[in-house]
Amino acid sequence: MADDDLDLSALPDDDLVGQMHDDLYDGLKDEIEIGVRILLDRGWTPYRVLTEALVEGMRIVGVDFRDGILFVPEVLLSANAMKAGMAILKPLLAETGAPKTGKMVIGTVKGDIHDIGKNLVAMMMEGAGFEVVDLGVNTDVDRYLAAIDEHQPDILGMSALLTTTMPYMKVVIDALASKGIREQIVVLVGGAPLNEEFAASVGADAYCRDAAVAVETAKAFMQRRANRRDAAD
Ligand code: B1M
């Protein structure tokens with residue numbers, strides 16, 4: 001059967017997920033949307049669809065991009081297909097109805113336009129009850145500072161996917177220190193090339209390996225802050 005005629009709904013879960021990895025690789029947005037809906041209809045949780053079908057598919061794209069098998073135009077199509085799938089999941093992940101646990105300002109740093117991971121973190125944070133102000137990509141220090149001033153967040157999240165852009169995180173953290181507001185805000189950083197050592201070296205409070213860790217870390221910091229407040233009362 002030609003791929004065009006493939007009936008996604010007839011595939012068992014494993015084959016469907018494998019096919020979705022192929023469709024993400026080929027940048028087939030419509031097929032990704034259909035696949036996401038089928039998995040949800042079959043009772044998969046939005047988080048499972050996100051991690052097993054979409055994030056894993058994007059990991060495969062990343063390997064071939066690194067190895068020079070895929071190029072920017074193709075990866076852009078994959079990214080668009082991924083975003084279309086994420087758009088379906090976003091309201092479902094945010095549907096907890098939990099009271100707001102805190103506020104986060106997040107953005108991808110200056111010079112960097114990768115936003116899939118950052119969007120995922122924003123989605124998961126909203127799902128966990130955080131109010132999220134998303135500054136988008138290519139965020140310079142002035143935009144971070146203006147947003148912090150305007151929104152008074154508990155947490156600042158920064159994302160970087162390039163080894164050339166990740167040092168910019170230090171520029172932002174140093175600016176917080178010079179304004180005398182570093183201690184008022186928890187700074188969490190993430191992105192594929194980062195690690196704990198790097199986070200410590202730029203003065204961040206924590207490195208978050210993925211979106212789930214970002215949520216757990218943010219919650220832990222909020223809890224610590226609440227405990228300190230209780231102890232002071
Ligand atoms: Co780019 N790119 N890219 N790219 N791209 C990488 C990052 C690269 C590793 C590919 C490779 O060579 N293997 C490589 C960087 C190499 C390096 O720096 N050492 C690279 C390169 C070189 C480039 C260009 C320079 C290519 C060129 O133009 N020649 C260029 C740079 C453009 C720029 O930013 N100025 C470029 C462009 C692009 C596209 C536009 C085509 C596209 C981006 C589309 C978009 O985002 N809208 C793209 C993509 C898609 C990738 C890969 C393939 C996938 C990234 C992704 O979305 N992953 C990537 C390969 C890779 O990472 N292995 C690659 C899926 C996402 C869910 O994971 O972003 O890691 P991730 O996010 C995770 C965690 O890291 C963490 O949680 C997320 C969810 O679990 N996390 C956070 C991320 N941010 C966080 C923030 C937090 C907490 C956790 O705050 C609290």
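The values are calculated or read from the model by the stated rules, or taken from the named source; none is laboratory data. All figures in this text were calculated on a predicted structure; none of them were measured in a lab. Here Cβ is always computed from backbone atoms with ideal geometry, including for glycine, and neighbour counts include all displayed protein chains. What goes into the accessible areas is simple: the full protein's heavy atoms, side chains included, and nothing from ligands, DNA or RNA. Shrake-Rupley method; radii C 1.70, N 1.55, O 1.52, S 1.80 Å.
Considering (1) at pLDDT 95 or above; (2) open to solvent by 60 Å² or more (accessible area, probe 1.4 Å); (3) more than 10 Å from the ligand (Cβ to nearest atom); (4) farther than 20 Å from residue 90 by Cα, the lone condition that residue 164 does not fulfil carries the number (3). Against the condition without any contact (Cβ under 8 Å) to a residue 40 or more places away in the chain, of a type in the set (A, V, I, L, M, F, W, C), within 8 Å of the ligand (Cβ to nearest atom) and assigned to a loop (DSSP other than H, G, I, E, B), how does residue 194 come out, does it pass? Judged against the criteria, residue 194 is a match. Within region 119-161, being assigned to a strand (DSSP E or B) and open to solvent by less than 30 Å² (accessible area, probe 1.4 Å) holds for 130, 132, 133, 139, 155, 156, 157, 158, 159.
Taking the numbered list (1) open to solvent by less than 40 Å² (accessible area, probe 1.4 Å); (2) part of a helix (DSSP H, G or I) in turn, residue 201 passes all entries but (1).
From 170, 219, which residue is part of a helix (DSSP H, G or I), at pLDDT 95 or above and open to solvent by 80 Å² or more (accessible area, probe 1.4 Å)? Just a single option satisfies the conditions, and that option is 170.
Across region 59-69, the number of residues qualifying as of a type in the set (A, V, I, L, M), outside any loop (DSSP other than H, G, I, E, B) and open to solvent by 40 Å² or more (accessible area, probe 1.4 Å) comes to 2.
Would you check if there is a residue in region 70-87 being under 16 Å from the mean Cα position of the chain (by Cα), open to solvent by less than 30 Å² (accessible area, probe 1.4 Å), closer than 25 Å to residue 176 by Cβ and of a type in the set (A, V, I, L, M)? The answer is no, given that none of the residues of region 70-87 is under 16 Å from the mean Cα position of the chain (by Cα), open to solvent by less than 30 Å² (accessible area, probe 1.4 Å), closer than 25 Å to residue 176 by Cβ and of a type in the set (A, V, I, L, M).
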